[in-house]
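Written below as structure tokens is the structure these notes are about.
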């Protein structure tokens with residue numbers, strides 16, 4: 001599984017951080033998403049949840 005983020009599309013809603021705090025953070029400047037790392041097997045559910053709840057569709061999870 002691989003996560004990619006579109007920082008330009010991010011609206012700083014913070015839902016990713018709430019869903020997967022080990023994978024995402026927000027910048028102090030404008031609240032945009034920061035990808036902290038790629039998910040391990042135990043984090044796959046959280047990664048998919050973050051993708052689903054992102055209001056801007058800025059998170060894409062590739063299951064490969």
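Here are the numbers for the structure shown:
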read-out	value
Matching residues in region 34-64 - criterion: being over 10 Å from the mean Cα position of the chain (by Cα) and touching a residue at least 60 places away in the same chain (Cβ under 8 Å)	62, 63, 64
Number of positions in region 1-33 that are in contact (Cβ under 8 Å) with a residue 24 or more places away in the chain, in contact with a strand residue (DSSP E or B) (Cβ under 8 Å, 6 or more places away or on another chain) and either buried (at least 16 other Cβ atoms within 10 Å of the Cβ) or not in a loop (DSSP other than H, G, I, E, B) (or both)	10
Per-region count, region 34-53, residues part of a loop (DSSP other than H, G, I, E, B) and in contact with a strand residue (DSSP E or B) (Cβ under 8 Å, 6 or more places away or on another chain)	3
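Values in this text are rule-based calculations from the coordinates and carry no lab data. Since we're looking at a predicted model, the values are computed, not measured. When we count neighbours, we look across all protein chains shown, and the Cβ atoms used for this are built from the backbone with ideal geometry, even at glycine.
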